[in-house]
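One structure is given below, encoded as structure tokens.
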Amino acid sequence: MEFISDTLAHYCEEHSSKEPDVLAQLNRHTHSHVLSPRMLSGHLQGRALAMFSHMIQPKYILEIGTYTGYSALCLAEGLIEGGKLITIDINEELENLVNKYIKDAAVVDKIEQVIGDALTIIPTLNYAWDLVFIDADKLNYINYYQLVIDQVKPGGYIIADNVLWSGKVIDENSLLKDKDTQAIHAFNEYIHHDGRVENVLLPIRDGLMVMRKY
Ligand SMILES: C[S@@+](CC[C@H](N)C(=O)[O-])C[C@H]1O[C@@H](n2cnc3c(N)ncnc32)[C@H](O)[C@@H]1O
């Protein structure tokens, strides 16, 4: 389900900053060579992530769910001098592709790619995060949040993708039968009632939950 018409979405993209060339290439490559290209953040959400990152001016960013590296490259745009983004993905098949685009975007010194299960890797990381982007398997969204919340600096941000799950979060049938929908809805409810953060659910693309830690 698209929340706004294709024409209006196109208008938004046309009136947002252009995708940097390397991201446009990665977007095209992902759509022509990689399975499930809808997972890629894309032009509009990518520019929104880059904009948030510039606003936050993070030193340390954690991304959970690299896929082909599109959102990692967007988020890295706002890193301050000497800053670093660590991105985790369980799928080793895309490692070389992600590396190629990290090199092409000239951010080798800013992005570290880690292959493995985020649930076991996150507890081994010793950083005070300014920004965390949660975009891996939906069943573990609450677990990822619980793992990172104490590692996030006071005043730091967590952003979670796909929190509207194509609109299924308000569909009774999906809420009854679909485990991913149930997990996303439970995550949204949990965050909304968690006193450790303030939050806003933005209907950008498939829904971004933006949280600021008190
Ligand atoms: C929606 S895609 C990420 C898209 C990417 N952030 C972007 O916007 O371009 C989700 C990714 O999470 C990864 N993933 C799923 N379960 C994971 C886990 N337990 N640990 C780490 N990565 C996982 C998948 O392999 C997949 O590449």
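The values are calculated or read from the model by the stated rules, or taken from the named source; none is laboratory data. Everything numeric in this text was worked out from a predicted model, so none of it was measured. Every residue, glycine among them, receives a Cβ derived from its backbone with ideal geometry; neighbour counts consider all protein chains shown. Quick note on the areas: whole protein, heavy atoms, side chains included, nothing else; ligands and nucleic acids left out. Shrake-Rupley method; radii C 1.70, N 1.55, O 1.52, S 1.80 Å.
Assorted remarks:
- Any hit, region 22-41, residues being polar (S, T, N, Q), in contact with a strand residue (DSSP E or B) (Cβ under 7 Å, 6 or more places away or on another chain) and assigned to a helix (DSSP H, G or I): no
- For A76, the conditions (1) free of Cβ contacts under 8 Å to residues at least 40 places away in the same chain; (2) away from the ligand (no atom under 13 Å from the Cβ) all hold with the exception of (2).
- Residue match in region 163-179 (condition: within 19 Å of L75 (Cβ to Cβ) and not small (G, A, S)): yes
- Top-ranked residue in region 126-141 [being crowded, with 16+ Cβ neighbours inside 10 Å and of a type in the set (A, V, I, L, M); ranked as nearest to the chain's Cα centre (by Cα)]: I134
- Qualifying residue in region 81-102 (condition: free of Cβ contacts under 8 Å to residues at least 24 places away in the same chain and among the β-branched types (V, I, T)): no
- Qualifying position, being more than 25 Å from Q57 (Cβ to Cβ) and more than 12 Å from the ligand (Cβ to nearest atom), among T120, T124: T124
- Of residues in region 39-73 being within 8 Å of the ligand (Cβ to nearest atom) and of a type in the set (S, T, N, Q), the one nearest to A118 (Cα to Cα): T66
- Of all residues in region 153-184, exactly one satisfies the criterion of being open to solvent by 40 Å² or more (accessible area, probe 1.4 Å) and touching a Gly at 6+ places or on another chain (Cβ under 8 Å), namely W165.
- Residues of region 15-31 satisfying the condition of being farther than 18 Å from Y67 by Cβ and either touching a Cys at 6+ places or on another chain (Cβ under 7 Å) or exposed (fewer than 13 other Cβ atoms within 10 Å of the Cβ) (or both): H15, S17, K18, D21
- Scanning region 128-159 for residues that are among the hydrophobic types (A, V, I, L, M, F, W, C), more than 11 Å from the ligand (Cβ to nearest atom) and under 20 Å from Q45 (Cβ atoms) gives L131, V132, I158.
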